[in-house]
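*Asks:* The structure that follows is given in the form of structure tokens.
The values are calculated or read from the model by the stated rules, or taken from the named source; none is laboratory data. None of the values given here were measured: they were computed from a predicted structure. Neighbour counts run over all protein chains shown; Cβ positions are idealised from the backbone, glycine included.
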Amino acid sequence: MIYITRKEHFNAAHRLFRADYDDARNMEVFGKCSNPNWHGHNYELFVTIKGPVNPETGFLINLKELSKIINQFVVDKLDHKNVNLEVDFMAGKLASSENLAIAIWEQLENPVKEAGALLHCIKLFETERNFVEYYGPQTN
């Protein structure tokens, strides 16, 4: 089993808030991130896949193909967009980094599998200091 990671990036705006909270409660829970006029990030996305090396090519999968998958299913939908308003796979979800990482996994899992690998980890940096890692749904 080999693991390989592709890094992509995108810029997006969002607002952390709950419609069922008033402005004071949203500010208490989410702070500046609840700014009604949105705020943005320069996200860095690391997608790690795993599987056996193809003896014919020496690759797990071609990284150019992985880049195309990530861009088609994730980056093109997020880059320079408002996560709360414009991203179909985030509709009805609170636009936290945690929820975004889970949604990115859901977008990539099947296309990566169709390309001959398994998704291992989504690592999403929101800032230099804050990032989330998601390893898929856990079954007990």
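*Asks:* Only residues that are surrounded by fewer than 17 Cβ atoms within 10 Å (Cβ to Cβ), under 17 Å from residue 76 (Cα atoms) and touching a strand residue (DSSP E or B) at 6+ places or on another chain (Cβ under 7 Å): list them for region 103-140, please.
*Replies:* Of everything in region 103-140, just one residue is surrounded by fewer than 17 Cβ atoms within 10 Å (Cβ to Cβ), under 17 Å from residue 76 (Cα atoms) and touching a strand residue (DSSP E or B) at 6+ places or on another chain (Cβ under 7 Å), namely 109.
*Asks:* Could you grab me the full set of residues in region 64-115 that are over 21 Å from residue 7 (Cβ atoms) and in a loop (DSSP other than H, G, I, E, B)?
*Replies:* Selection gives 91, 92, 93, 94, 95, 96.
*Asks:* Just to be sure I understand the filter: pairs with C-beta atoms under 6 Å, separated by 6 or more residues or on different chains, first member in region 73-101 and closer than 23 Å to residue 133 by Cβ and at pLDDT 95 or above, second member polar (S, T, N, Q) and part of a helix (DSSP H, G or I). Which pairs pass?
*Replies:* From residues that are closer than 23 Å to residue 133 by Cβ and at pLDDT 95 or above, the pairs are 73/107; 74/107; 89/107; 93/99; 95/84.
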